[in-house]
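In what follows, a single structure is set out as structure tokens and then discussed.
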Amino acid sequence: MRVAVLSGGRSSEHDVSLRSGASVARGLEAAGHEAVAVTIDRDGRWLRDGSALQLTPGEGLLDAAVVFPALHGAFGEDGSVQGLLEWLDVPYVGSDVLASAICMDKLTLKRLFAARGIPQVEFAAVGEERWRQRCEDASFDVAMSIFGAMFAPDQQQAANELLRVVKPGGRIGMGNWSPGGSVGTMFKTISKHAPPPPGLDSPLLWGTEERLRELFGDGIAELRVEHRISRQPFRSADHYIEFFRTYFGPTQAAYERVGAEGEGALTDDLRAFLEAANTAGERAMVLEAEYLEVIATRA
């Protein structure tokens with residue numbers, strides 16, 4: 001069977017989709033099928049062997065019997081590509097247009113679950129009336145944030161919310177990157193190319209005891225902190241950069257802000273930092289990243 005494998009796409013998961021598509025193609029060929037690679041570039045152009053494809057309604061796609069979309073994220077899993085494949089009148093693997101669109105729109109999906117009485121975790125839409133207060137005061141024994149709350153734009157508000165929802169005597173557990181650790185140094189390297197918006201405090205302040213005591217104030221009865229190491233293994237410095245660029249919001253935002261003209265310089269500086277910080281020698285890339293383990297007891 002001749003199968004067209006779609007990969008790439010316009011989302012931030014473009015690179016991982018390319019790897020998914022290559023893996024799917026290998027599996028198809030091993031099973032005796034003909035895999036035809038079709039790449040969608042970051043601008044949305046459909047390419048075959050580097051040449052743009054002419055898509056015509058009802059004419060299929062490269063005489064393929066079926067299309068396998070190995071796409072991730074927006075414009076790949078949200079019904080957009082599925083609708084285009086319907087327009088081409090070619091069968092495809094996976095959910096149809098409606099199911100894809102609903103599953104990608106998490107609020108719509110959750111509201112449909114609620115309408116049908118399907119059990120799920122409570123949720124709130126950001127911006128709806130009193131959405132911040134959906135968690136009642138003093139309603140949790142423990143609140144935890146691992147490398148999450150530290151990136152909130154309003155640090156004091158984030159701390160206040162953690163304090164608000166935890167019962168007296170309850171605990172707030174956090175993992176926050178340390179300013180002097182490897183990830184902290186990586187952030188500083190990125191900031192040289194893409195400085196944070198004016199008026200925002202550095203998220204690395206959460207990795208200091210002084211700032212934690214300032215943020216939590218007399219809302220806590222006890223604060224225990226300990227410096228720990230997160231060991232991060234990768235194949236190479238370039239693999240590390242690719243991974244963070246694909247999955248880590250701050251790195252994605254930095255590359256978007258520097259644009260195509262600044263991408264090379266940012267990558268070069270990150271690569272130089274990572275190669276200097278690597279603890280695995282020539283065998284691989286391992287970053288020993290320091291973070292602050294935080295356990296605060298609510299007053």
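The values are calculated or read from the model by the stated rules, or taken from the named source; none is laboratory data. Being a predicted model, the structure only gives us computed values, none of them experimental. Every residue, glycine among them, receives a Cβ derived from its backbone with ideal geometry; neighbour counts consider all protein chains shown.
Side notes on the structure shown:
Here's the yes/no breakdown for (1) touching a Lys or Arg at 6+ places or on another chain (Cβ under 8 Å); (2) β-branched (Val, Ile, Thr); (3) under 27 Å from Leu109 (Cβ atoms):
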site: Arg10; (1), (2), (3): yes, no, yes
site: Glu13; (1), (2), (3): no, no, yes
site: Ile40; (1), (2), (3): yes, yes, yes
site: Arg48; (1), (2), (3): no, no, no
site: Ala52; (1), (2), (3): yes, no, no
site: Pro57; (1), (2), (3): no, no, no
site: Ser80; (1), (2), (3): no, no, yes
site: Leu84; (1), (2), (3): no, no, yes
site: Val93; (1), (2), (3): no, yes, yes
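- Matching residues, region 219-235, being of a type in the set (Val, Ile, Thr) and more than 22 Å from Val183 (Cα to Cα): Ile220
- Selection from region 165-178 of residues that are modelled with pLDDT of 95 or more and either outside any strand (DSSP E or B) or basic (Lys, Arg) (or both): Lys167, Arg171, Ser178
- When each of Gly44, Gly27 is tested for being in contact (Cβ under 8 Å) with a residue 24 or more places away in the chain and loosely packed, with under 14 Cβ neighbours inside 10 Å, the lone residue that passes is Gly44.
- Given (1) on the phi < 0 side of the Ramachandran plot; (2) at pLDDT 95 or above; (3) not charged (D, E, K, R), number of the condition Leu18 does not satisfy: (2)
- Region 55-77: number of residues that are at pLDDT 95 or above, surrounded by fewer than 21 Cβ atoms within 10 Å (Cβ to Cβ) and assigned to a loop (DSSP other than H, G, I, E, B): 9
- Residue check for Tyr291: under 27 Å from Arg211 (Cα atoms), surrounded by 15 or more Cβ atoms within 10 Å (Cβ to Cβ) and among the aromatic types (Phe, Trp, Tyr): yes
- Ser100 being small (Gly, Ala, Ser), modelled with pLDDT of 95 or more, out of contact with any strand residue (DSSP E or B) (no Cβ under 7 Å at 6 or more places or on another chain) and in a loop (DSSP other than H, G, I, E, B): no
- Meets criteria (acidic (Asp, Glu), touching a residue at least 40 places away in the same chain (Cβ under 8 Å) and assigned to a helix (DSSP H, G or I)) for Asp238: no
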